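Presented below is the structure to which this report refers.
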Amino acid sequence: MSIMDDYFREPPPHVVPVEESLDLHTFSPRDVVSVVEEYLEAAAGKRYREVRLIHGKGKGVQRSAVRALLARHPLVESYSDAPAEAGGWGATRVTLKPTRDGTAGPSTSGGRSRSG
């Protein structure tokens with residue numbers, strides 16, 4: 001293998017640690033919805049009950065795309081603007097559905113509530 005082969009080889013995907021908030025500014029706008037989908041799955045897998053998605057204030061395009069996904073996502077119980085000290089309308093607080101043991105994760109209880 002030559003140096004040029006190494007140069008043009010596609011780098012491995014970045015592993016983003018799953019924490020209680022995700023700053024979407026670091027992702028390409030076209031990737032935001034798929035990133036949020038993967039993040040919600042990973043957060044539920046870590047048994048988070050509440051997470052925060054930081055999309056910024058701007059014109060509201062990212063916020064709208066994120067909230068359209070949240071409105072139909074099976075792991076989401078509810079969502080709203082984050083408190084002012086945590087980003088206000090520049091971030092969305094998401095409550096994940098509880099599992100039978102009371103931790104976050106998929107639920108079989110069909111109903112959904114939305115706010116925001």
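FYI, it's all coordinate maths here, none of it is from the lab. Here the structure is a predicted model, which is why all the values come from computation and not from measurement. As a convention, Cβ positions derive from the backbone with ideal geometry for all residues, glycine included, and neighbour counts pool all protein chains shown.
The value given for the range 16-96 is a Kirkwood hydrodynamic radius of 12.4 Å, derived from the mean inverse Cα-Cα separation.
If you plug the beta carbon distance of H25 and R72 into 1/(1 + (r/R0)^6) with R0 = 22 Å, you get a FRET efficiency near 0.40. When each of the peptides 42-53, 20-31, 81-92 is scored by the mean number of other C-beta atoms lying within 10 Å of its residues, the order from highest to lowest reads 42-53, 81-92, 20-31.
Estimated from the Cβ-Cβ distance and a Förster radius of 25 angstrom, the FRET efficiency linking S80 and V33 is about 0.85.
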